Structures are given as structure tokens and as C-alpha cells.
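Here is the structure we will look at.
The values are calculated or read from the model by the stated rules, or taken from the named source; none is laboratory data. The structure displayed is predicted, hence computed values, not measured ones. Glycine gets a Cβ as well: all are built from the backbone with ideal geometry, and neighbour counts include every protein chain shown. Each accessible area value is taken on the protein alone, full model and side chains, heavy atoms only, with ligands, DNA and RNA left out. Shrake-Rupley method; radii C 1.70, N 1.55, O 1.52, S 1.80 Å.
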Amino acid sequence: MKISIPVCMLLCAALCCASSTVTAATPVAARHGMVVSAQHLATQVGVDVLKAGGNAVDAAVAVGYALAVVYPAAGNLGGGGFMTLQMADGRKSFLDFREQAPLAAHANMYLDSAGKVIPGASTLGYLAVGVPGTVSGLEMARSRYGSLSRARLISPAIRLASKGFVLRAGDITMLHTATEAFRNDAASAAIFLKQGQPYQVGDTLRQLDLAHTLRLIRDHGAAGFYQGEVAQSLVAASKAGQGIITQADLDGYRAKFRQPVECSYRGYGIVSAPPPSSGGVTLCEMLNILEAYPLAELGYRSAQSMQYQIEAMRHAYVDRNSYLGDPDFVSNPVENLLDKDYAARIREQISPQQAGDSHALKPGVAPHEGSNTTHYSIVDRWGNAVAVTYTLNDWFGAKVTAAGTGVLLNNEMDDFTSKVGVPNQFGLMQGAANSIAPGKRPLSSMSPTIVTQNGKPMLVLGTPGGSRIITVVLLTILNVIDYGMDVQQAVDAPRFHQQWLPDFTNLEAAAISDDTRATLESWGQKFGPPQAANHVAAIIIGAPALGAEPVGKNRYYGANDTRRDTGLALGY
Ligand code: DON
């Protein structure tokens, strides 16, 4: 390591979070393959697929279906997401299976007759639901890159749904966040409550309707979800719940392969999420700004290095919020934003010892800050690397389940702009590039990312956390590249976040020392409420840290983020 991080800092980061587990001291090492996901049973499903000869995409598909069962807060069939992948032969791709606005959606659909945003309309119930993309995405990934049969990849999820799985403390914590919401939706209550009462640790959760839906997908592919009885149930439930999704919406949904966003940072390659995610562009813009600063020399979390990182975040989020939207609907100036000369011009505006003034920076679209998603990372024996982030948006999405299907539905419509210039529920403003239109996909922050060294995957990572996703991915990359941390240290290290507006930086416990904070405050930096936790899932390939020696014959080093205690890094 080029720097040493005080042990107490890392320890505190682990102990001060909600999780009751203790940080693993070292990355999980394995020789042939590695899976890191937010739920231990789903991780096991992925490893079993790799052991059975499947590749990383096969495992990603199986983990995606399994998380829909064992991580219902964010794993899903009724939501959407993104997959970034780099195959061992060098092919890079990005699969966009983001939800899209129903055909009957329109820009003012969440406004009342006086033009005011109707509270809850875009977050709760069927009107909040975007046309789901997950099943189309998983099936498209499997058919283009997978090697095992659909039945093989779905069968573990069917087993977990039909036989059930035993709920641990972390599973229960998530379910309990939505007890009242489940009580308001009979179809959700029938599954996620036990005779009307919350489940407890040690109970078994069985999801028979979901098992049935999964069998239909196994037998008919995407048509098992977008057509036939599941589709009919979705449309009927939507209609009964004042939603607007029709069979035509389901017929028209297709996941899309896109070119990933790519840039370089200190000689490493970055392969990440293009629009309709803002993730890759914003990440690359921050990295381009930071590349010219000697971060390692300035010292880990020194006031000076913090100043540059906070200002890079502030400037990149202005652009994120002003310019980006679904590329099929708005033109995204990706090339300009990724230009290293543009980053140099931004650096000219960054003072070494004076905080930027967010309100004086050009206003634009502020990010929506969703908070509950899940990310998993997988590498196989051939060196294929896959990063997937998918979501229902909020925990348990719109908190409605289409009766008879077991499918919880997303509230991704809330990622659109409900009204230009009006702060959303998180006090953030959104703008026109991200306004609602039929068939449009809402702007996202999800950033499944692969970092390459000499063209080969070196780090695979991603995280949930709404607008914090991009800065968390950034900091994890800096921890590895600039600060020489091993993958577990990089994941565990306390984080900070700045997103232009609100005009303050959030800190995790022990992210900086009191005197660093005082110095930054004397430069005009403002600090806000403590930063909420994100669950990162990361894998380093080659050795546990850059420039380190491999441990024995192991090639893969996984880090599960103990900020949430349901996840697992496991290899073989
Ligand atoms: O796409 C987005 O950016 C949000 N819907 C993600 C929400 C999220 O990350 C919640 N995570 N904890």
C-alpha cells in the first residue's frame, strides 16, 4: 500500500454502521471464479453455476433471478437495471434493461389541476410503475452471451421460491421497513406478512406465485412474463390500481444493448454505464478532473485532497443534472463531457482553498436520490467479467404486487422529473432532459463498472444508493488506484458525497478527522447530515491490491460490503 489507513478508521466504519457483522480483514480469495452479491443464497447460486461450467453471464442471469426471490426489496422481475460486461475475448457491452414510461404517460402526470406535484403519486401504487425490463434483460443477456440453458439458470430461483428460504436478521430488517406498506396491498401482504404480522428471524419465506411465474419464464422465455397469464395479471392489477400499463406496453418492451461509456484514468481503462444512466459519464468526468492532481502525494483524506475530490464531484454533478437523459429521446453531449480538455477547464475553476459555490454554478437538473437497489459482480475462470445493478427504485418499489404473480413492481417513474424546477421529495430539483414521455427511460445513477489494466478486467464493481452510487464507485476506484488499498479495504473505507445541490458534503462516520474538517470549513466547505450506507460488491483480479502478490494460486479477490449484513463474497 502506498499509504496507510488508520486501523481505527476502518474499524469504526464497520462498527458505526447498522450492520452487526465485523469487517472481514482480508478479501475473499479464489482461483476459478468469484461472485459478490447482497444476498448470500444468491451468491451461492452464482458460484454453483460457475462450478457447473457456466460463464459469468450465465451466473449473472441466475443470480438476477435468485435475488428476485431472496432479496425482494431490490432484486426483482418487476423492475429494471443495467449490465456492464467485458468478455475474455475483449468484447465489451452494456445492456440497458431500464424500465420505461408506459405509452399513456405524459409529462404532467404527477401534477394536480393547479400544477402542483401530487405527493406519493410517483412513488406509491400502480401509477408509479414503469414498464419492467428485468426479464427482457436477463433473457437477452443469456441468449447473446450465456452458455447454459434457461432452465438451468432459473431452476435455483424456482427452488428458493417454492421451497422457501430461512430468513436471517438482515432479511428481516429489510422486510420490516415495509410492514405498513404491505398491509395496504393485499397481494403483498399475502406474501410478505405472516397472517398479517411481520416475519421473524428463523421463519421460512415461501413465494408460490413467484415460483409459478418463474416456471412460466423458464418454459416460454420473456414471453412467459410479457405475454400470457402473467402479463394479463399485471395489466389487470394496474388497471384496478389506477395504473396505466397495458398489454401494448408489455409487448413493446425490449432491453437494448448499448456501447458502454469508456475513459482512462492514470493508464487504467474505465468501462461503465452510458445514458440512460448518468453513472459512467459522471464517473469519467470526475476521474478526468482528478487525474491531474497528485492525490496519493497529497495524502489520504488530507484537506487538500478532499477539497479537490469534493469540487470534482460538485462540478460533475452540475453537468449530470443539466444535460443527461434517455439517449433515444434527448441528445447527450457525452463526448464533450468526457473530453480531458474540458476537465482541464473545470480544474481552472477549482480553487485549492476555497469551496465552490453550488448556487453560482449553472443550474440544471438535480439528481433524483433513490435509495434502494442492489449490485452484484461476477468473474469466471475464463476472465469474463460482469457487473449488474438492478432495482425496484425504493425498497420494495411501489409496494404493490400484481395478484397471482408474486411480482413486486417498481416505482421507477419517480426517477423522472415530475415538474421542472420543483424540488422532489429529497429536496432536489429536476429538469427538462429527464421529463416524462411515452416509452422514455428515466435517468439513472446506476453505474455497474469494470476497470481494466492493459485491456483486461482488473476491478469489477458497483453499488446501490441513488445519486450516491457514482461517488461511491469513484471513491472505491481511487482507493484501489491512488491509495493502493486491497479490495476489502477499498470497500470498507468510510465515504463522502457531494452532488452540487444540496450545497453540502455528506460524510460517513470517521470519513475525515476533526481537524481536516475544520480546515475544509475554513475554506468554505459545508457538511450535511451523515451519509447513508451503500452496499458495494467488488472483485479485484490478479492480486488483492494493485502491485501486490497473489495469495497462493488465487486470481480473484472479492469484497462484500459489511454495511449490509445479508451479502456474501464467495469463490471456488
Ligand atoms: O436508477 C437510479 O439511479 C435509482 N432508481 C437507483 C435507486 C437506488 O440506487 C436505490 N439504492 N439503494
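Couple of notes before you dig in:
- Selection within region 93-107 - away from the ligand (no atom under 16 Å from the Cβ) and either assigned to a strand (DSSP E or B) or modelled with pLDDT of 95 or more (or both): SER93, PRO102, LEU103, ALA104, ALA105, HIS106
- Residues of region 109-147 satisfying the condition of being in contact with a strand residue (DSSP E or B) (Cβ under 9 Å, 6 or more places away or on another chain) and in a loop (DSSP other than H, G, I, E, B): TYR110, ILE118, ALA121, GLY130, PRO132, GLY133
- Flag if PRO327 is in a loop (DSSP other than H, G, I, E, B), open to solvent by 10 Å² or more (accessible area, probe 1.4 Å) and in contact with a strand residue (DSSP E or B) (Cβ under 9 Å, 6 or more places away or on another chain): yes
- Per-region count, region 391-418, residues part of a strand (DSSP E or B) and either within 16 Å of the ligand (Cβ to nearest atom) or in contact with a His (Cβ under 6 Å, 6 or more places away or on another chain) (or both): 3
- Count of region 362-390 residues which are modelled with pLDDT of 95 or more, within 16 Å of the ligand (Cβ to nearest atom) and more than 24 Å from ARG206 (Cβ to Cβ): 5
- Some residue of region 146-158 being free of Cβ contacts under 8 Å to residues at least 24 places away in the same chain and not assigned by TED's automatic domain parsing to the domain that holds GLY325: yes
- Annotation note: Cβ proximity below 6 Å between a residue of region 337-349 that is assigned by TED's automatic domain parsing to the domain that holds ALA360 and closer than 16 Å to GLY280 by Cβ and a residue that is buried (at least 18 other Cβ atoms within 10 Å of the Cβ) and not small (Gly, Ala, Ser) (sequence gap 6+ or interchain) occurs for LEU337/VAL281; LEU337/GLU285; LEU337/ASP319; LEU338/CYS263; LEU338/CYS284; LYS340/ASN288; ALA343/ASN288; ALA343/ILE289.
- With respect to the conditions (1) in a loop (DSSP other than H, G, I, E, B); (2) among the basic types (Lys, Arg); (3) within 16 Å of the ligand (Cβ to nearest atom), ARG320 lacks only one, and its number is (1).
- Region 384-405, residues that are open to solvent by 10 Å² or more (accessible area, probe 1.4 Å) and more than 28 Å from GLY33 (Cα to Cα): ASP394, TRP395, LYS399, VAL400, ALA403, GLY404
- The one condition in (1) farther than 23 Å from LEU234 by Cβ; (2) in the same structural domain as ALA402 (by TED's automatic domain parsing); (3) touching a strand residue (DSSP E or B) at 6+ places or on another chain (Cβ under 7 Å) that VAL70 fails to fulfil: (1)
- Matching option when the condition is under 26 Å from ARG168 (Cβ atoms) and surrounded by 22 or more Cβ atoms within 10 Å (Cβ to Cβ), among GLN531, GLN488, GLN499: GLN488
- Residue check for SER113: within 14 Å of the ligand (Cβ to nearest atom) and either among the small types (Gly, Ala, Ser) or open to solvent by less than 10 Å² (accessible area, probe 1.4 Å) (or both): no
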